[in-house]
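See below for the structure under consideration.
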Amino acid sequence: MTTTAAGAPGQVLHVEDVTPSLRILRVGRPGGLTFAAGQYVKMGLAGLRLGSFSIASAPHETFLEFCIERIAGGRLTPRLFAVGVGDHLEVSDRAKGRLRLHPAARQHLLVGTVTGIAPLRSLVRDALHRGMRTRITVLHGASHHDELPYREEFEDLAAANEHITYRPTISRRGEGRNATWTGATGRVDPLALDVAASMDPDTTHVIATGNSGMVANVRTALGAKGFPVATEAFD
Ligand SMILES: Cc1cc2nc3c(=O)[nH]c(=O)nc-3n(C[C@H](O)[C@H](O)[C@H](O)COP(=O)(O)OP(=O)(O)OC[C@H]3O[C@@H](n4cnc5c(N)ncnc54)[C@H](O)[C@@H]3O)c2cc1C
């Protein structure tokens with residue numbers, strides 16, 4: 001992990017490799033950028049191409065944080081694994097996206113796969129910053145236990161805030177890479193159905209982000225039960 005102090009817009013301030021194909025990048029925030037928690041921006045390398053990346057940090061923070069998955073053979077993401085502290089990224093100063101916590105909802109069920117946790121983290125950090133008391137349950141799924149970025153942070157947040165629950169789950173139980181995992185197993189979409197069974201569709205708002213298959217399953221299954229479901233697919 002390498003870090004430098006707050007820098008120029010787009011300057012890489014901090015790099016943390018969660019796995020060889022999952023990376024957290026903190027960059028200097030463009031002066032003109034205002035955004036709401038849960039939004040995304042176009043980001044990439046000057047002269048190459050920009051991709052859509054959810055902002056994992058909250059609006060009140062002075063930097064931007066991204067959580068990036070390396071797509072094998074991809075035109076952009078492998079290059080983002082070659083940048084280091086002090087390098088420059090192009091970050092658009094226009095944020096997009098409509099994910100948000102609804103002030104009227106009594107509780108929120110947030111469901112993400114791997115990097116899908118990025119906009120959910122922004123929403124949760126923002127809610128805590130603003131003193132929002134809505135009950136928030138975060139379900140986080142991955143194939144392997146080391147592919148759950150921010151897991152420790154969410155576990156700490158849940159331990160410190162009784163209105164926040166965090167439930168990670170991994171789907172490839174039988175693989176040696178998961179041998180040390182003692183937590184929940186199985187895919188996150190059936191877990192979402194299970195957890196939602198004890199929730200009231202009239203007062204619960206659902207958000208699903210990340211893998212398009214998971215997002216579609218959650219939208220279809222929970223939408224059919226009357227839950228309002230907002231989604232953002234990354235692929
Ligand atoms: C609203 C939004 C928010 C996003 N937020 C994030 C984020 O926070 N972190 C993050 O890592 N990614 C995020 N993405 C996905 C990201 O924009 C793309 O994965 C990335 O731009 C792929 O870039 P690439 O040039 O390396 O791959 P490309 O050259 O575009 O694609 C190479 C191949 O990989 C496939 N592919 C592309 N993206 C994915 C994917 N995500 N999963 C599996 N296969 C894929 C393509 O279909 C193509 O076949 C987001 C996407 C959207 C639409």
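The values are calculated or read from the model by the stated rules, or taken from the named source; none is laboratory data. What you see is a predicted model, and the numbers here were worked out from it, not measured in a lab. Positions of Cβ are backbone-derived with ideal geometry, glycine not excepted, and every protein chain shown enters the neighbour counts.
List of remarks:
- Residue satisfying condition, being within 18 Å of the chain's Cα centre (by Cα) and not in a loop (DSSP other than H, G, I, E, B), within set E61, E65: E65
- Per-region count, the range 166-190, residues more than 21 Å from D156 (Cβ to Cβ), part of a helix (DSSP H, G or I) and under 18 Å from the mean Cα position of the chain (by Cα): 1
- Residue in the range 135-143 that is modelled with pLDDT of 95 or more, over 22 Å from K42 (Cβ atoms), surrounded by fewer than 21 Cβ atoms within 10 Å (Cβ to Cβ) and away from the ligand (no atom under 16 Å from the Cβ) present: yes
- From the options L80, L89, L101, residue that is under 23 Å from I207 (Cβ atoms) and in contact with a strand residue (DSSP E or B) (Cβ under 9 Å, 6 or more places away or on another chain): L101
- Test: R133 is assigned to a loop (DSSP other than H, G, I, E, B), farther than 20 Å from T115 by Cα and among the charged types (D, E, K, R): yes
- Contact annotation: residue pairs with Cβ atoms under 6 Å, 6 or more positions apart or on different chains, pairing a residue in the range 45-57 that is near the ligand (Cβ under 8 Å from one of its atoms) with a partner that is assigned to a strand (DSSP E or B) and of a type in the set (G, A, S), are G51/G44.
- Some residue of the range 167-183 being in contact with a strand residue (DSSP E or B) (Cβ under 6 Å, 6 or more places away or on another chain) and farther than 23 Å from L22 by Cβ: no
- Within this structure, A36 fails the test of being in a loop (DSSP other than H, G, I, E, B) and crowded, with 22+ Cβ neighbours inside 10 Å.
- Residue among E147, E162 that alone is within 19 Å of the chain's Cα centre (by Cα) and on the phi < 0 side of the Ramachandran plot: E147
- Residues in the range 79-110 that are β-branched (V, I, T) and within 15 Å of the ligand (Cβ to nearest atom): V83, V91.
- In the range 59-78, the residues that are near the ligand (Cβ under 10 Å from one of its atoms) and either aromatic (F, W, Y) or touching a His at 6+ places or on another chain (Cβ under 7 Å) (or both): F66
- When every residue of the range 112-124 is checked against the conditions, none turns out to be in contact (Cβ under 8 Å) with a residue 24 or more places away in the chain, surrounded by fewer than 16 Cβ atoms within 10 Å (Cβ to Cβ), farther than 23 Å from S171 by Cβ and not assigned by TED's automatic domain parsing to the domain that holds L48.
- Yes/no for V138 being in the same structural domain as V206 (by TED's automatic domain parsing), without any contact (Cβ under 8 Å) to a residue 60 or more places away in the chain and within 16 Å of the chain's Cα centre (by Cα): yes
- Restricting attention to the range 202-216, the residues that are within 16 Å of the ligand (Cβ to nearest atom) and in contact with a helix residue (DSSP H, G or I) (Cβ under 6 Å, 6 or more places away or on another chain) add up to 4.
- Filtering the range 206-235 to residues that are of a type in the set (S, T, Y) and in contact with a strand residue (DSSP E or B) (Cβ under 7 Å, 6 or more places away or on another chain) leaves T209, S212, T231.
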